[in-house]
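The values are calculated or read from the model by the stated rules, or taken from the named source; none is laboratory data. What you are looking at is a predicted structure, and each value in this text was computed from that prediction instead of being measured. Cβ atoms come from the backbone with ideal geometry, glycine included; neighbour counts cover every protein chain shown. Ligands, DNA and RNA are excluded from the accessible area calculation, which covers all protein heavy atoms including side chains. Shrake-Rupley method; radii C 1.70, N 1.55, O 1.52, S 1.80 Å.
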Amino acid sequence: MDAIYHTGPDLPPPPADFNMAAYVLAGGAQTPGKLALSVLGETRDDWSYDRLTRAVRAIAGGFLAQGLTPGDRVLLRLGNTVEFPLAFLGAIAAGLVPVPTSSQLTAREITGMAAQIGPALIVAGDGVALPDPLPCPVLTEADLHDLASGPEAAFDMGDPNRPAYAIFTSGTSGTPRAVLHAHRAIWARRMMWDGWCGLTSDDRLMHAGAFNWTYTLGTGLMDPWSRGATALIPEPGTRSSDLAALIAAERVTIFAAAPGIYRQMLRGEMPDAPALRHGLTAGEKLADPIRDAWQSATGTTLHEAFGMSECSTFVSGSPARPAQPGSLGYPQPGRTVAVLGENGPATFGEPGVLAVKADDPGLMLGYIGAEDETRARFRGPWFLTGDTVAMAEDGAISYLGRDDDMMNAGGFRVSPVEVESAMVLHPDVLEAAAVEISVSETARVIACFYVAEPGRAPDDAALAAHAAETLAHYKCPRLFVRVDTLPKGANNKLLRRALRAQADAGDFGPLGRKG
């Protein structure tokens, strides 16, 4: 039988007159005094739903007072602070299109990305790299605070299919692509409430990620607010060893993080947290030893989700339907998912490319300025994820690997071409290949294999310093391996898969492996 799976009921369409920010904040409209957000730290910052809504609408009014008009793009260059979601929702409330970016990006990186989207305004935190030259006016965090106390604007209502926001993801060509999403994308996340999160209005959900990570924006903030729940975010710099104590002290009911955070937490003591119901994980593949160790230490389960910048999460385990050992989980209720072979749908149990129906309400509108690349991701009625999986007859999805060479660094998809292009700028590097390799049973890192210029012998410290100057921190290789040659095919194309296989086979030694 064909490996196509649909679980009902279908999600009803969003209202014809819709605004993503208005929808998110409506979740707490009946409980205006309820705690919507608490930034946890030495100086706790609490936000009620009423305070949050007033700030968002005032920022929307302030943006419009700057002369911006609906559809204009706003580049967000903010750190891990509450200003990030306020600016994000404020822009959407005004009908603008915010484009959140990592504060770790260098000036070189953000200059190219800004050129793709043509921002009408940049909102920037202190010390965060900006495009050079500046393409538009810059608003500081202090300016944003001034806007938040000004006159409030009405929500810009309209077609749920119009653009709402864009996020950057690394393209297979090495050029980061801006993924444009519609206002309806937030409506599609309703399928995650039961299909992954088990989220209710009574929950206190804590996310360990940075505000400016889309996983945190969605799972850690927008989802709880849409449900009328409470979002808890540890302040920047909170150590992984302190998160377990926060879970207990703050009566957290759902905890969300990338697998690496769970691994780090499990190295320390795990105090009793009787309010905790379960944990959520996404961003990279969860290793079974981490899942088992967490359940042993806390008595609660972890539920993994698979998604991507283009469609967020759509396959997951959940408290209502836990994933079977060795699988990612199931298509969420309302989703239509398939596994495709070269000539159409694969059969159950046969490897193929994971695909989601092209009319999924959470699917992107497209890549900004890259129409050919957008079209290449579709095959008939399907959007291709580029990940190889197999589907069991009950719909369980087993992950088999990436169909391309994309890497994953702590939940961020990273193009090897982008890393390689940066590393060959070093005067002592002739050729470079970036691949993701395993360094322990539960951890994977980006490694740079390189051929040195004749007569040169760069040390790891020099290469690491060069990477830090040219790449965002999460893109930087953690290992540098000098080789005589890189594996290539008959057409001289770099064979990264062969390089990964050699590394996994131990041809280059232990490469940081533990145990």
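Here are some notes:
- Share antiparallel - DSSP beta bridges, the chain, percent rounded to 5: 65
- Computed over every Cα-Cα pair of the stretch 241-306 and binned at 10 Å starting from 0, the pair-distance distribution P(r) comes out as 23, 62, 15 percent.
- Accessible carbon and sulfur surface of the stretch 421-475 relative to its total accessible area, %, 1.4 Å: 53
- Principal axis dimensions, the stretch 115-207 - Cα atoms, whole angstrom, descending: 46, 44, 31
- Convex hull of alpha carbon positions in the chain: directionally averaged projected area 24.1 nm².
- Using a simple spin-label model with pseudo-atoms 7 Å out from Cα toward Cβ, ALA465 and ALA29 lie 5.8 nm apart.
- The spacing between the stretch 39-84 and the stretch 296-345, judged by their C-alpha centroids, is 32 Å.
- Accessible area per residue for the stretch 374-438 is 35 Å², calculated with a 1.4 Å probe on protein heavy atoms, without ligands, DNA or RNA.
- Between ARG456 and THR301, the simple label model (points 7 Å from Cα in the Cβ direction) yields a spacing of 5.3 nm.
- Apportionment of accessible area to carbon and sulfur, the stretch 195-277, percent (1.4 Å): 46
- The stretch 195-344: C-alpha gyration tensor shape, a/c 1.5 cut-off, then a/b vs b/c: prolate
- For the pair ALA320 and GLU42 in one chain, pulling the backbone fully straight at 0.36 nm per residue adds 96.4 nm over the alpha carbon distance.
- Rounded to two decimals, the Cα radius of gyration of the stretch 377-515 over 2.2 N^0.38 Å is 1.16.
- Relative contact order (%) - the chain, alpha-carbon pairs under 8 angstrom, separation at least six: 14
- Share antiparallel - DSSP beta bridges, the stretch 163-274, percent rounded to 5: 55
- Projected label distance in nm at ASP428 and ALA249, using a 7 Å step from Cα toward the beta-carbon: 4.5
- Atom-type composition of the exposed protein surface of the stretch 73-183 places 54 percent of the accessible area on carbon and sulfur (1.4 angstrom probe).
- Cα centroid separation - the stretch 274-288 against the stretch 102-162, whole Å: 32
- Solvent exposure of the stretch 1-113 as accessible area per residue, Å², 1.4 Å probe: 38
- Computed lengthening from LEU495 to ASN343, 0.36 nm per intervening residue step minus Cα-Cα distance: 52.2 nm
- Stretched out straight at 0.36 nm per residue, the stretch from ALA376 to SER421 would grow longer than its current Cα-Cα span by 13.8 nm.
- Cα gyration tensor category, rounded, prolate or oblate, for the stretch 1-121 with a/c compared to 1.5: rounded
- Taking GluC sites (Glu not before Pro) as exposed when DSSP calls them loop and at most 11 other C-beta atoms lie within 10 angstrom, the chain has its longest site-free stretch at 43-268.
- Where Cα atoms sit under 26 Å apart: lysine pairs in the chain separated by 8 or more or lying on different chains: 6
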